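Peer 1: My questions will all concern the structure given below.
The values are calculated or read from the model by the stated rules, or taken from the named source; none is laboratory data. This is a predicted model, so every value here is computed, not measured. Counting neighbours? That spans all protein chains shown, and the Cβs are built from the backbone with ideal geometry, glycine included. In case anyone asks, the SASA skips ligands and DNA or RNA and just uses the protein heavy atoms, side chains included. Shrake-Rupley method; radii C 1.70, N 1.55, O 1.52, S 1.80 Å.
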Amino acid sequence: MVEYRGNDLVDPRRTSWARLVGDHDRIAQQCAALVVLARRPDRPAEAAAVLLLELAVCVADHLGIEDQVIDLTVTAVRTGVSPDDAATMSEALDVLKADWTDFIVRWTPAAVLGHWSRFAGEAETMMSRLSDQVRHENELLYAEALRRGIIDRGQPVLH
């Protein structure tokens with residue numbers, strides 16, 4: 001059902017800029033917190049494992065919404081974006097998703113505790129990649145999705 005909010009037509013099937021960017025902010029904050037834990041000399045493996053689990057849930061929830069936004073946006077701007085750029089962006093996201101899945105599967109709480117130094121190094125690298133991805137999406141993708149009406153400005157609408 002389509003409704004009006006002020007003078008704006010609102011499609012409840014769309015998610016919002018606020019939801020997507022809010023997710024990115026949470027993901028970036030959790031990444032930063034995990035890096036801080038990974039750098040601590042007292043090796044807080046239990047706290048890091050819990051935070052990694054929370055981050056995994058947040059990312060999975062976000063990807064469920066974002067995949068549709070990415071597909072619709074790429075389709076909407078295909079005539080204005082070079083095929084190489086669109087393909088590169090899509091391939092980079094696919095690689096990050098696969099690497100992220102491998103990372104969270106490999107780093108169980110027992111593995112974090114048993115191999116702290118290796119975990120700490122890999123966590124810093126992965127958190128940097130994940131933070132870079134959400135920043136690039138905010139800068140490149142969401143502004144265009146908002147401009148083209150794929151997402152709306154208002155409150156988050158869950159699908």
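Peer 1: Under 8 Å between Cβ atoms, which residue pairs at least 6 apart in sequence (or on different chains) link something in segment 108-123 that is under 10 Å from E46 (Cα atoms) with a partner that is surrounded by 13 or more Cβ atoms within 10 Å (Cβ to Cβ) and not aliphatic (A, V, I, L, M)?
Peer 2: Listed by first residue and then by second, the contacts come to V112/F119.
Peer 1: So which residues in segment 104-137 are within 11 Å of A48 (Cα to Cα) and of a type in the set (V, I, T)?
Peer 2: T108, V112
Peer 1: All but one of (1) farther than 19 Å from D23 by Cα; (2) at pLDDT below 95; (3) of a type outside the set (A, V, I, L, M) hold for G121; which doesn't?
Peer 2: (2)
Peer 1: Oh, and also: Please count how many residues of segment 66-96 are of a type in the set (D, E, K, R), under 14 Å from the mean Cα position of the chain (by Cα) and at pLDDT below 70.
Peer 2: Final tally of qualifying residues: 1.
Peer 1: Moving on. Take D42 and tell me if it is of a type outside the set (G, A, S), more than 16 Å from A111 (Cβ to Cβ) and at pLDDT below 95.
Peer 2: No, not satisfied.
Peer 1: Check segment 138-152 and report whether any residue there is touching a strand residue (DSSP E or B) at 6+ places or on another chain (Cβ under 7 Å), at pLDDT 65 or above and part of a loop (DSSP other than H, G, I, E, B).
Peer 2: Yes, some residue in segment 138-152 is touching a strand residue (DSSP E or B) at 6+ places or on another chain (Cβ under 7 Å), at pLDDT 65 or above and part of a loop (DSSP other than H, G, I, E, B).
Peer 1: So L63 fits all but one of (1) among the aliphatic types (A, V, I, L, M); (2) surrounded by 14 or more Cβ atoms within 10 Å (Cβ to Cβ); (3) at pLDDT 95 or above; what number is the exception?
Peer 2: Only one criterion is unmet by L63, namely (3).
Peer 1: Given the options A48, A33, A18, name the one that is assigned to a helix (DSSP H, G or I), more than 18 Å from F103 (Cβ to Cβ) and either at pLDDT 95 or above or in contact with a Pro (Cβ under 7 Å, 6 or more places away or on another chain) (or both).
Peer 2: A18
Peer 1: Restricting segment 26-45 to residues that are of a type outside the set (A, V, I, L, M, F, W, C) and touching a helix residue (DSSP H, G or I) at 6+ places or on another chain (Cβ under 8 Å), which is least open to solvent (accessible area, probe 1.4 Å)?
Peer 2: P44
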